[in-house]
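Have a look at the structure below before the remarks.
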Amino acid sequence: MTRGKFITLEGGEGAGKSTQAARLASFLRAKGIEVVQTREVGGSPSAEAIRELWLGGGETHWDPITELLLISAARREHLVKTVWPAMERGTWVVCDRFADSTRAYQGAGLGLGIETVDDVYRRIADGFEPDLTLLLDLPVEEGLARMAARGGQDDRYQQKQRDFHQTLRNAYLELANVYAYRFRAIDASADADTVAAHIESAVCGYFDL
């Protein structure tokens, strides 16, 4: 049996990752591909339990290293319980956020350093990485405006100041450069239909669908 593919969607707040992950999963299913749609932090019952613990800590409750370890524990559970079994069955997995989020948010945004994040990641993931990462990129001001329009501030990161979000965007763009072989940048400032069309084109071209 052919091993499934692992596609991740990344980007800052307000980029539309959850919406586009759902649309991409539907698009692939219409092509006859079996798909599991999932997310991080979370994606399995045990990982979702860790997510609740993590979010319940409040903005200043968790030390950054503790936060990294909580997220990494959830990721390990997600991989072992959801992602890897699905891929072994030949199922494709579409994931809203993955390790690149941790590199950007905890590594760059919280100042731990991407090397620290990667050291922990190597210990839990054994060299595993996405087949394709779609970076939904848009200017920080636009992302913040979208959050404000939808009444967003449902987690600690959405409440941080503009400089923090600019740091995230810069980190993502640098990651797209470092991992250019698996990253495809998508202009997320367009309307949802246009963004979805660009994602579908990128995925079809990457996997020769």
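The values are calculated or read from the model by the stated rules, or taken from the named source; none is laboratory data. The model shown is predicted, which means the values in this text are computed figures rather than measured ones. Positions of Cβ are generated from backbone atoms using ideal geometry, with glycine treated the same way; all protein chains shown enter the neighbour counts.
Would you confirm whether or not segment 194-208 contains a residue that is over 15 Å from the mean Cα position of the chain (by Cα), among the charged types (D, E, K, R), modelled with pLDDT of 95 or more and part of a loop (DSSP other than H, G, I, E, B)?
yes
Looking at residue 80, is it touching a Leu at 6+ places or on another chain (Cβ under 6 Å), of a type in the set (A, V, I, L, M, F, W, C), under 21 Å from residue 133 (Cα atoms) and surrounded by fewer than 22 Cβ atoms within 10 Å (Cβ to Cβ)?
no
Looking only at segment 1-54, which residues are without any contact (Cβ under 8 Å) to a residue 24 or more places away in the chain, crowded, with 19+ Cβ neighbours inside 10 Å and either among the aromatic types (Phe, Trp, Tyr) or farther than 22 Å from residue 68 by Cβ (or both)?
Listed by number, the list holds a single entry, 54.
Does segment 56-75 include one or more residues that are touching a residue at least 24 places away in the same chain (Cβ under 8 Å), within 20 Å of residue 132 (Cα to Cα), under 18 Å from the mean Cα position of the chain (by Cα) and part of a helix (DSSP H, G or I)?
Yes: one or more hits.
Looking only at segment 117-136, decide whether some residue is in contact (Cβ under 8 Å) with a residue 24 or more places away in the chain, part of a strand (DSSP E or B), under 17 Å from residue 24 (Cα atoms) and among the acidic types (Asp, Glu).
No, segment 117-136 has no match at all.
Of 90, 113, 107, which residue is under 14 Å from residue 175 (Cβ atoms), of a type in the set (Gly, Ala, Ser) and surrounded by fewer than 22 Cβ atoms within 10 Å (Cβ to Cβ)?
Every option except 113 fails the conditions.
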